[in-house]
Amino acid sequence: MNNRDGREVARHNDLKVLKALHKLGWLRTRDLAALVWMSCPRSRTSEFQPVRLVVSATARRMAQRTLRRLRQTNKVLRIKAPDGSLIYGLSEAGARQLVGLGIPAKSGNDQIRRVSLSYFHHRRIANEISISALLQGYRVNGEREISAGEWLGGKDGIEGKLPDVLVRDGKNLWWIEVERSRRNERDYSKLISWLKTMWPAGRKEDEPAALPDGHLLRQVVFVSN
């Protein structure tokens, strides 16, 4: 590979990392290594199933090299997470590059400024589920997009509820709930009421819930770790 080819590959890798940070908010090195440089052992099936992310040493090195280059050009921000890992978000310069390509990106400074332990693990799991689905060929709305209203349910959600991750295959939807702590009685009651709205009496549990816009909610998946 000549120098020109090498520079083009580097620019391509830089852009993929910046787009990933825009989509999912903030990511660890291993998350980016999996999403950008790994393939998934499972192809898309009729029912989405989360797959544990496995990252090779080569993929991790490529991610580290790309992130180092992006930090040198001030395209990404970096902080240490509560568990000691490093997480990365878009800087103002990185966001401007994406905006120049027609992508409505914003700096991730506010997202990574304060990361509590509980928030960190909740977003970490949501991002891992998102990456698992993306690698299997599904379309995904991650927690960052959903909280911003950038999904089919908008700010109001579906029947007043927002998922943590939404996995999509055409009109088929999988609703992901990340459970990092025990729900209080009020939240639990609201969840049960919502589930009964989606699957009213008389509808079989294995039948998808029909939504007004023609989408089919196939499953609600609870993930604890």
Span per principal axis, largest first, for the Cα atoms of the chain (Å): 65, 35, 33
Proximal aspartates and glutamates to residue 106, defined as alpha-carbon separation beneath 19 angstrom and excluding residues fewer than eight positions away on the same chain: 14, 92, 143, 145, 150
For peptides 165-173, 95-103, sequence by mean Cβ density within 10 Å, most packed first: 165-173, 95-103
Relative contact order of the chain, pairs being alpha-carbon contacts under 8 Å that are 6 or more residues apart, as %: 17 percent
Pairs of alpha carbons in segment 84-150 whose separation is greater than 14 Å (percent): 68 percent
For segment 146-225, convex hull of alpha carbons as volume per residue, Å³: 109 Å³
Distance between segment 104-161 and segment 54-101 - C-alpha centres, whole angstrom: 17 Å
Eligible lysines near residue 171 by straight Cα distance, threshold 25 Å, same-chain separation 8 or greater: 19, 23, 155, 161, 196, 204
Reduced Cα scattering model of segment 39-168, Debye log10 I(q)/I(0), q = 0.18, 0.21 Å⁻¹: -1.30, -1.51
Amide H contacts of residue 91 (H built 1.01 Å from N, under 5 Å, at least 5 apart or other chain): 76, 77, 108
Segment 26-103, dipole about Cα centre (Lys/Arg Cβ +1, Asp/Glu Cβ -1), debye to the nearest 20: 360 debye
Mean Cβ neighbour count within 10 Å, used as a protection proxy, ranking 110-117, 12-19 highest first: 12-19, 110-117
Most mobile of 205, 185, 159 in a GNM of the chain (Cα contacts under 10 Å): 185
Folded to 0 to 90 degrees: helix 117-135 orientation relative to the chain principal axis, Cα: 90 degrees
Percentage relative contact order, segment 99-225, counting C-alpha pairs under 8 Å, at least six apart: 21 percent
Solvent-accessible heavy-atom area per residue, rounded to whole Å², over segment 118-187 at 1.4 Å: 43 Å²
Heavy-atom accessible surface of segment 7-113: percent carbon and sulfur, 1.4 Å: 49 percent
Candidates per GluC sites (Glu not before Pro) in segment 1-102, loop by DSSP, up to 11 other Cβ within 10 Å: 47
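The values are calculated or read from the model by the stated rules, or taken from the named source; none is laboratory data. Source: prediction; values computed, not measured. Reconstructed Cβ throughout: ideal geometry from the backbone, glycine too, with neighbour counts over all protein chains shown. The area values use the complete protein model at the heavy-atom level, side chains included, leaving out ligands, DNA and RNA. Shrake-Rupley method; radii C 1.70, N 1.55, O 1.52, S 1.80 Å.
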